[in-house]
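Engineer: Sending over a structure as C-alpha coordinates; questions will come in a sec.
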Amino acid sequence: MTKRITLRRPDDWHLHVRDGAVLEAILPFTAQNFERAIIMPNLTPPIVRHQDASSYKARIKSVATAVGQPNFDPLMTLYLTETSDPQNIREGFEGGIITAAKLYPAGATTNSDAGVQDIEKIYPVLETLQELGMPLLVHGEVVDSAIDIFDREAVFIERTLIKLVERFPDLPIVFEHITSAEGVDFVASASKKVAATITPHHLVINRNAMLVGGMRPHYYCLPVAKRESHRAALVNAAVSGSPKFFLGTDSAPHTIDTKESACGCAGIFNVPVALSVLAHIFEAAGALDKLEAFCSVNGAVFYGLKLNKGSLTLVKSDTPVRFNDRVRTTNGEIRVFDPMFDLYWSLEE
Ligand code: DOR
Ligand code: ZN
(Lines give C-alpha, C1' and ligand atoms only; values in the text may rest on other atoms or scores of the structure.)
(Ligands and ions follow the chains in the order given, each with its own letter.)
Protein backbone atom coordinates (compact mmCIF):
# COMPACT_ATOMS: atom_id res chain seq x y z
CA MET A 1 0.00 0.00 0.00
CA THR A 2 1.35 3.42 -0.88
CA LYS A 3 1.88 5.64 2.09
CA ARG A 4 1.53 9.36 1.56
CA ILE A 5 1.61 12.49 3.61
CA THR A 6 0.26 15.88 2.62
CA LEU A 7 1.86 18.93 4.20
CA ARG A 8 1.14 22.59 4.10
CA ARG A 9 3.78 23.88 1.65
CA PRO A 10 7.12 24.07 3.52
CA ASP A 11 9.50 26.98 3.99
CA ASP A 12 13.27 26.90 4.38
CA TRP A 13 14.38 29.24 7.17
CA HIS A 14 18.11 29.14 6.30
CA LEU A 15 19.40 28.80 2.74
CA HIS A 16 22.44 29.68 0.64
CA VAL A 17 21.51 30.13 -3.02
CA ARG A 18 24.69 31.95 -4.09
CA ASP A 19 24.55 33.96 -7.31
CA GLY A 20 25.08 33.73 -11.10
CA ALA A 21 25.52 30.25 -12.64
CA VAL A 22 25.18 28.40 -9.33
CA LEU A 23 21.99 30.27 -8.43
CA GLU A 24 20.53 29.33 -11.81
CA ALA A 25 21.42 25.67 -11.40
CA ILE A 26 20.23 25.14 -7.84
CA LEU A 27 17.27 27.47 -7.30
CA PRO A 28 14.79 25.18 -9.12
CA PHE A 29 15.22 22.55 -6.37
CA THR A 30 14.29 25.05 -3.69
CA ALA A 31 11.44 26.66 -5.62
CA GLN A 32 9.92 23.25 -6.32
CA ASN A 33 9.86 22.24 -2.67
CA PHE A 34 9.55 25.47 -0.71
CA GLU A 35 7.29 28.49 -0.88
CA ARG A 36 9.70 30.84 0.91
CA ALA A 37 13.31 30.75 2.01
CA ILE A 38 15.45 32.94 4.23
CA ILE A 39 18.33 33.86 1.95
CA MET A 40 21.76 34.03 3.55
CA PRO A 41 23.76 37.18 2.77
CA ASN A 42 27.32 35.77 2.76
CA LEU A 43 28.12 36.52 -0.86
CA THR A 44 31.40 38.14 -1.88
CA PRO A 45 31.02 41.01 -1.23
CA PRO A 46 28.38 40.43 1.45
CA ILE A 47 24.85 41.85 1.33
CA VAL A 48 25.17 44.65 3.87
CA ARG A 49 22.71 47.34 2.78
CA HIS A 50 19.06 47.00 1.86
CA GLN A 51 19.85 48.29 -1.63
CA ASP A 52 22.13 45.24 -2.15
CA ALA A 53 19.44 42.93 -0.79
CA SER A 54 16.93 44.45 -3.15
CA SER A 55 19.00 43.80 -6.27
CA TYR A 56 19.96 40.30 -5.06
CA LYS A 57 16.27 39.59 -4.51
CA ALA A 58 15.50 40.75 -8.06
CA ARG A 59 18.14 38.34 -9.43
CA ILE A 60 16.67 35.46 -7.44
CA LYS A 61 13.11 36.32 -8.52
CA SER A 62 14.14 36.51 -12.15
CA VAL A 63 15.70 33.03 -11.99
CA ALA A 64 12.60 31.69 -10.20
CA THR A 65 10.38 33.16 -12.89
CA ALA A 66 12.57 31.77 -15.67
CA VAL A 67 12.22 28.26 -14.24
CA GLY A 68 8.44 28.54 -13.95
CA GLN A 69 8.22 29.25 -10.19
CA PRO A 70 7.28 32.94 -10.13
CA ASN A 71 5.61 32.59 -6.73
CA PHE A 72 8.77 31.59 -4.93
CA ASP A 73 9.34 34.19 -2.24
CA PRO A 74 12.96 34.89 -1.20
CA LEU A 75 13.08 36.50 2.25
CA MET A 76 16.16 38.67 2.32
CA THR A 77 18.66 39.18 5.13
CA LEU A 78 21.43 41.65 5.80
CA TYR A 79 24.96 40.70 6.84
CA LEU A 80 25.90 42.58 9.99
CA THR A 81 29.28 44.28 10.19
CA GLU A 82 30.70 46.52 12.88
CA THR A 83 29.81 49.48 10.69
CA SER A 84 26.26 48.43 9.77
CA ASP A 85 23.95 51.41 9.64
CA PRO A 86 20.89 51.08 11.91
CA GLN A 87 19.00 53.60 9.77
CA ASN A 88 19.56 51.57 6.61
CA ILE A 89 18.39 48.43 8.41
CA ARG A 90 15.28 50.23 9.65
CA GLU A 91 14.45 51.45 6.14
CA GLY A 92 14.94 47.98 4.69
CA PHE A 93 12.73 46.33 7.29
CA GLU A 94 10.00 48.98 7.27
CA GLY A 95 10.05 48.99 3.45
CA GLY A 96 9.46 45.22 3.43
CA ILE A 97 12.76 44.53 1.63
CA ILE A 98 14.47 42.60 4.40
CA THR A 99 13.20 40.12 6.93
CA ALA A 100 16.12 39.52 9.26
CA ALA A 101 19.77 40.32 10.02
CA LYS A 102 22.56 37.75 10.21
CA LEU A 103 25.34 37.81 12.76
CA TYR A 104 28.51 36.04 11.68
CA PRO A 105 31.33 36.13 14.20
CA ALA A 106 34.29 37.25 12.04
CA GLY A 107 36.18 34.22 10.77
CA ALA A 108 33.62 31.63 11.92
CA THR A 109 32.67 30.30 8.50
CA THR A 110 32.52 30.82 4.71
CA ASN A 111 32.75 34.52 3.79
CA SER A 112 32.50 35.69 7.37
CA ASP A 113 35.65 37.82 7.41
CA ALA A 114 33.61 41.02 7.31
CA GLY A 115 31.55 39.81 10.28
CA VAL A 116 31.58 40.99 13.86
CA GLN A 117 34.59 40.74 16.18
CA ASP A 118 33.26 42.70 19.12
CA ILE A 119 29.55 42.24 19.60
CA GLU A 120 29.24 45.39 21.72
CA LYS A 121 30.07 47.40 18.60
CA ILE A 122 26.73 46.35 17.13
CA TYR A 123 24.63 47.06 20.22
CA PRO A 124 23.06 50.13 18.54
CA VAL A 125 22.03 47.88 15.65
CA LEU A 126 20.63 45.30 18.05
CA GLU A 127 18.64 48.03 19.81
CA THR A 128 17.10 48.88 16.45
CA LEU A 129 16.31 45.24 15.67
CA GLN A 130 14.72 44.83 19.08
CA GLU A 131 12.62 47.94 18.62
CA LEU A 132 11.50 46.75 15.18
CA GLY A 133 10.90 43.16 16.32
CA MET A 134 13.22 42.11 13.50
CA PRO A 135 14.87 38.71 14.00
CA LEU A 136 18.61 38.39 14.62
CA LEU A 137 19.94 35.19 13.05
CA VAL A 138 23.05 33.96 14.80
CA HIS A 139 25.87 31.75 13.60
CA GLY A 140 26.67 30.55 17.10
CA GLU A 141 30.30 29.55 17.24
CA VAL A 142 33.20 31.25 18.99
CA VAL A 143 36.27 32.08 16.94
CA ASP A 144 39.08 31.32 19.35
CA SER A 145 42.04 29.14 18.45
CA ALA A 146 42.16 27.89 22.04
CA ILE A 147 38.69 26.35 21.73
CA ASP A 148 38.33 22.95 20.14
CA ILE A 149 36.16 23.06 17.04
CA PHE A 150 33.73 20.53 18.52
CA ASP A 151 33.16 22.82 21.54
CA ARG A 152 32.73 26.11 19.72
CA GLU A 153 28.93 26.11 19.81
CA ALA A 154 28.69 25.27 23.51
CA VAL A 155 31.28 27.92 24.38
CA PHE A 156 29.44 30.50 22.26
CA ILE A 157 26.36 29.95 24.41
CA GLU A 158 28.34 30.55 27.60
CA ARG A 159 30.38 33.50 26.37
CA THR A 160 27.97 35.34 24.11
CA LEU A 161 24.43 34.07 23.81
CA ILE A 162 23.48 34.09 27.49
CA LYS A 163 24.57 37.74 27.76
CA LEU A 164 22.90 38.68 24.49
CA VAL A 165 19.56 37.27 25.56
CA GLU A 166 19.80 39.02 28.93
CA ARG A 167 20.76 42.35 27.41
CA PHE A 168 18.07 42.19 24.65
CA PRO A 169 15.17 40.27 26.18
CA ASP A 170 12.66 41.31 23.50
CA LEU A 171 14.90 40.68 20.50
CA PRO A 172 13.74 37.69 18.41
CA ILE A 173 16.80 35.47 18.04
CA VAL A 174 17.22 32.42 15.84
CA PHE A 175 20.14 30.26 16.90
CA GLU A 176 20.96 28.94 13.44
CA HIS A 177 21.76 25.33 12.52
CA ILE A 178 22.22 24.08 16.06
CA THR A 179 24.40 20.99 16.33
CA SER A 180 24.66 20.21 20.03
CA ALA A 181 22.67 19.07 23.04
CA GLU A 182 23.77 22.32 24.69
CA GLY A 183 22.17 24.25 21.83
CA VAL A 184 18.93 22.30 22.18
CA ASP A 185 18.83 22.80 25.95
CA PHE A 186 19.59 26.49 25.73
CA VAL A 187 16.82 27.15 23.23
CA ALA A 188 14.29 24.91 24.98
CA SER A 189 14.75 26.74 28.27
CA ALA A 190 15.04 30.28 26.86
CA SER A 191 12.13 32.70 26.44
CA LYS A 192 9.66 32.52 23.57
CA LYS A 193 11.81 35.06 21.74
CA VAL A 194 14.50 32.43 21.13
CA ALA A 195 14.19 29.67 18.54
CA ALA A 196 16.52 27.50 16.47
CA THR A 197 16.84 26.07 13.01
CA ILE A 198 17.98 22.50 12.50
CA THR A 199 19.38 21.14 9.24
CA PRO A 200 18.47 17.79 7.65
CA HIS A 201 22.12 16.74 7.60
CA HIS A 202 22.67 17.33 11.31
CA LEU A 203 19.67 15.05 11.94
CA VAL A 204 21.44 12.32 9.95
CA ILE A 205 25.19 12.45 10.43
CA ASN A 206 27.48 12.54 13.39
CA ARG A 207 31.18 13.33 13.16
CA ASN A 208 32.05 9.73 12.27
CA ALA A 209 30.49 10.31 8.85
CA MET A 210 33.20 12.85 8.19
CA LEU A 211 36.17 11.04 9.69
CA VAL A 212 35.81 7.24 9.86
CA GLY A 213 37.36 5.13 7.09
CA GLY A 214 38.78 8.17 5.32
CA MET A 215 38.23 11.89 5.38
CA ARG A 216 34.94 12.67 3.66
CA PRO A 217 34.78 16.31 2.67
CA HIS A 218 31.18 16.13 1.51
CA TYR A 219 30.15 15.73 5.16
CA TYR A 220 32.12 18.77 6.25
CA CYS A 221 30.07 21.81 7.14
CA LEU A 222 30.04 24.44 9.86
CA PRO A 223 29.20 24.06 12.60
CA VAL A 224 30.70 20.57 12.24
CA ALA A 225 28.60 17.55 13.10
CA LYS A 226 29.23 16.47 16.69
CA ARG A 227 29.16 13.07 18.44
CA GLU A 228 26.13 10.77 18.24
CA SER A 229 24.50 11.88 21.49
CA HIS A 230 24.21 15.39 20.06
CA ARG A 231 22.61 14.14 16.85
CA ALA A 232 20.10 12.23 18.97
CA ALA A 233 19.30 15.41 20.95
CA LEU A 234 18.68 17.27 17.68
CA VAL A 235 16.30 14.58 16.44
CA ASN A 236 14.38 14.70 19.71
CA ALA A 237 14.06 18.47 19.42
CA ALA A 238 12.97 18.39 15.78
CA VAL A 239 10.32 15.69 16.25
CA SER A 240 9.07 17.12 19.55
CA GLY A 241 6.65 19.48 17.87
CA SER A 242 7.97 22.34 20.01
CA PRO A 243 7.38 25.64 18.20
CA LYS A 244 10.96 26.65 18.99
CA PHE A 245 12.52 24.30 16.44
CA PHE A 246 12.08 24.52 12.69
CA LEU A 247 13.71 23.62 9.40
CA GLY A 248 16.62 25.56 8.00
CA THR A 249 18.35 23.40 5.42
CA ASP A 250 21.57 25.45 5.50
CA SER A 251 21.97 23.95 2.05
CA ALA A 252 25.33 25.43 1.04
CA PRO A 253 26.63 24.40 -2.39
CA HIS A 254 30.31 24.34 -3.25
CA THR A 255 31.66 22.78 -6.43
CA ILE A 256 33.26 19.36 -6.04
CA ASP A 257 36.77 20.63 -6.76
CA THR A 258 36.56 23.13 -3.89
CA LYS A 259 35.23 20.48 -1.48
CA GLU A 260 37.76 17.79 -2.45
CA SER A 261 40.79 19.91 -1.75
CA ALA A 262 43.63 20.23 0.78
CA CYS A 263 41.55 22.94 2.41
CA GLY A 264 38.01 21.99 1.47
CA CYS A 265 35.09 24.38 1.79
CA ALA A 266 32.45 23.93 4.49
CA GLY A 267 28.91 23.30 3.31
CA ILE A 268 26.50 20.54 2.34
CA PHE A 269 24.09 20.86 -0.59
CA ASN A 270 20.97 19.01 0.54
CA VAL A 271 17.89 20.67 -0.93
CA PRO A 272 17.14 18.04 -3.62
CA VAL A 273 16.75 15.37 -0.92
CA ALA A 274 15.83 17.50 2.11
CA LEU A 275 12.14 16.61 2.40
CA SER A 276 12.80 12.91 1.64
CA VAL A 277 15.44 12.77 4.33
CA LEU A 278 13.21 14.54 6.83
CA ALA A 279 10.26 12.24 6.15
CA HIS A 280 12.60 9.28 6.70
CA ILE A 281 13.90 10.64 10.00
CA PHE A 282 10.48 11.66 11.32
CA GLU A 283 8.97 8.32 10.31
CA ALA A 284 11.79 6.40 12.01
CA ALA A 285 11.10 8.41 15.16
CA GLY A 286 7.38 7.61 14.95
CA ALA A 287 6.65 11.30 14.47
CA LEU A 288 5.48 11.80 10.87
CA ASP A 289 2.59 13.75 12.36
CA LYS A 290 5.10 16.39 13.54
CA LEU A 291 6.78 16.87 10.16
CA GLU A 292 4.39 19.61 9.09
CA ALA A 293 5.00 21.64 12.25
CA PHE A 294 8.75 21.44 11.69
CA CYS A 295 8.73 22.23 7.95
CA SER A 296 5.68 24.39 7.42
CA VAL A 297 4.35 25.97 10.61
CA ASN A 298 6.80 26.72 13.43
CA GLY A 299 9.11 28.97 11.44
CA ALA A 300 6.34 31.09 9.97
CA VAL A 301 4.76 31.53 13.40
CA PHE A 302 8.08 32.58 14.93
CA TYR A 303 8.69 35.11 12.15
CA GLY A 304 5.12 36.39 12.48
CA LEU A 305 4.32 35.51 8.86
CA LYS A 306 1.23 33.91 7.36
CA LEU A 307 1.15 30.18 6.93
CA ASN A 308 1.36 29.05 3.31
CA LYS A 309 -1.93 28.17 1.66
CA GLY A 310 -0.76 25.51 -0.79
CA SER A 311 0.19 21.94 -0.01
CA LEU A 312 2.62 19.31 -1.14
CA THR A 313 2.37 15.52 -0.98
CA LEU A 314 5.17 13.09 -0.27
CA VAL A 315 4.71 9.46 -1.24
CA LYS A 316 6.58 6.46 0.08
CA SER A 317 7.58 3.93 -2.52
CA ASP A 318 8.25 0.23 -1.87
CA THR A 319 11.63 0.43 -3.50
CA PRO A 320 14.39 2.98 -3.01
CA VAL A 321 14.00 6.24 -4.93
CA ARG A 322 17.01 7.31 -6.94
CA PHE A 323 17.99 10.96 -6.77
CA ASN A 324 20.70 12.48 -8.93
CA ASP A 325 23.88 12.56 -6.91
CA ARG A 326 25.14 15.79 -8.48
CA VAL A 327 23.98 18.98 -10.15
CA ARG A 328 25.88 20.45 -13.08
CA THR A 329 26.64 24.14 -13.25
CA THR A 330 28.83 26.04 -15.66
CA ASN A 331 31.17 26.57 -12.69
CA GLY A 332 31.48 22.82 -12.06
CA GLU A 333 29.50 20.00 -10.46
CA ILE A 334 27.95 20.09 -7.00
CA ARG A 335 27.45 16.93 -4.96
CA VAL A 336 24.03 16.32 -3.43
CA PHE A 337 23.95 15.21 0.22
CA ASP A 338 24.03 11.41 0.54
CA PRO A 339 22.42 10.35 3.83
CA MET A 340 24.04 6.88 3.51
CA PHE A 341 20.69 5.11 3.71
CA ASP A 342 18.11 4.41 1.02
CA LEU A 343 15.40 6.99 0.56
CA TYR A 344 11.81 5.95 -0.07
CA TRP A 345 9.93 9.22 0.20
CA SER A 346 9.65 11.62 -2.72
CA LEU A 347 7.43 14.39 -4.00
CA GLU A 348 4.25 13.14 -5.65
CA GLU A 349 4.51 13.69 -9.40
O1 DOR B 1 28.88 24.83 6.23
C2 DOR B 1 28.60 26.00 6.08
N3 DOR B 1 28.57 26.56 4.85
N4 DOR B 1 28.32 26.75 7.15
C5 DOR B 1 28.15 28.06 7.06
O6 DOR B 1 27.95 28.68 8.08
C7 DOR B 1 28.28 28.77 5.76
C8 DOR B 1 28.04 27.87 4.66
C9 DOR B 1 28.45 28.42 3.31
O10 DOR B 1 28.13 29.55 3.01
O11 DOR B 1 29.09 27.69 2.53
ZN1 ZN C 1 24.36 28.85 6.59
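Engineer: Which of the numbered conditions does Asn208 fail, given that it passes all the others? Conditions: (1) away from ligand 1 (no atom under 15 Å from the Cβ); (2) crowded, with 19+ Cβ neighbours inside 10 Å.
Structural biologist: Unmet condition: (2).
Engineer: So, in segment 295-341, how many residues would count as being without any contact (Cβ under 8 Å) to a residue 60 or more places away in the chain and under 22 Å from Ala252 (Cβ atoms)?
Structural biologist: Number of matching residues: 3.
Engineer: Can you confirm whether Leu203 is away from ligand 1 (no atom under 14 Å from the Cβ), under 23 Å from Ala300 (Cβ atoms) and buried (at least 20 other Cβ atoms within 10 Å of the Cβ)?
Structural biologist: Working: away from ligand 1 (no atom under 14 Å from the Cβ): yes; under 23 Å from Ala300 (Cβ atoms): yes; buried (at least 20 other Cβ atoms within 10 Å of the Cβ): yes.
Yes; evaluated as a whole, the condition is true for this residue.
Engineer: Further, regarding this structure: With the structure loaded, tell me whether Phe175 is within 16 Å of ligand 1 (Cβ to nearest atom), out of contact with any helix residue (DSSP H, G or I) (no Cβ under 7 Å at 6 or more places or on another chain) and modelled with pLDDT of 95 or more or whether it fails that test.
Structural biologist: no
Engineer: Only one of these conditions is not met by Ala53: (1) surrounded by 22 or more Cβ atoms within 10 Å (Cβ to Cβ); (2) under 27 Å from Ser346 (Cβ atoms). Which number is it?
Structural biologist: The number of the failed condition is (2).
Engineer: Output the residues belonging to segment 14-33 that are without any contact (Cβ under 8 Å) to a residue 60 or more places away in the chain and either of a type in the set (Ser, Thr, Tyr) or surrounded by 16 or more Cβ atoms within 10 Å (Cβ to Cβ) (or both).
Structural biologist: If the condition is that a residue be without any contact (Cβ under 8 Å) to a residue 60 or more places away in the chain and either of a type in the set (Ser, Thr, Tyr) or surrounded by 16 or more Cβ atoms within 10 Å (Cβ to Cβ) (or both), then Val17, Leu23, Leu27, Pro28, Ala31 are the ones that fit.
Engineer: Further, regarding this structure: Confirm whether Val17 is in a loop (DSSP other than H, G, I, E, B) and within 16 Å of ligand 1 (Cβ to nearest atom).
Structural biologist: Details: in a loop (DSSP other than H, G, I, E, B): yes; within 16 Å of ligand 1 (Cβ to nearest atom): yes.
Considered against the rule, which asks whether it is in a loop (DSSP other than H, G, I, E, B) and within 16 Å of ligand 1 (Cβ to nearest atom), Val17 comes out as yes.
Engineer: Is there any pair with a first residue in segment 136-153 that is within 15 Å of ligand 2 (Cβ to nearest atom) and a second that is among the hydroxyl-bearing types (Ser, Thr, Tyr) and modelled with pLDDT of 95 or more whose Cβ atoms are under 6 Å apart and which are 6 or more apart or on different chains, and what are they?
Structural biologist: Taking only residues 6 or more apart or on different chains, the pairs are His139/Tyr104; Glu153/Thr179; Glu153/Ser180.
Engineer: Could you identify the single residue in Gly96, Gly68, Gly92 that is modelled with pLDDT of 95 or more and buried (at least 17 other Cβ atoms within 10 Å of the Cβ)? Before you say what the answer is, go through the steps one by one.
Structural biologist: Details: Gly96 fails: buried (at least 17 other Cβ atoms within 10 Å of the Cβ); Gly68 fails: buried (at least 17 other Cβ atoms within 10 Å of the Cβ).
Exactly one of Gly96, Gly68, Gly92 is modelled with pLDDT of 95 or more and buried (at least 17 other Cβ atoms within 10 Å of the Cβ), namely Gly92.
The values are calculated or read from the model by the stated rules, or taken from the named source; none is laboratory data. What you see is a predicted model; the values in this text were computed from it and never measured. Cβ atoms come from the backbone with ideal geometry, glycine included; neighbour counts cover every protein chain shown.
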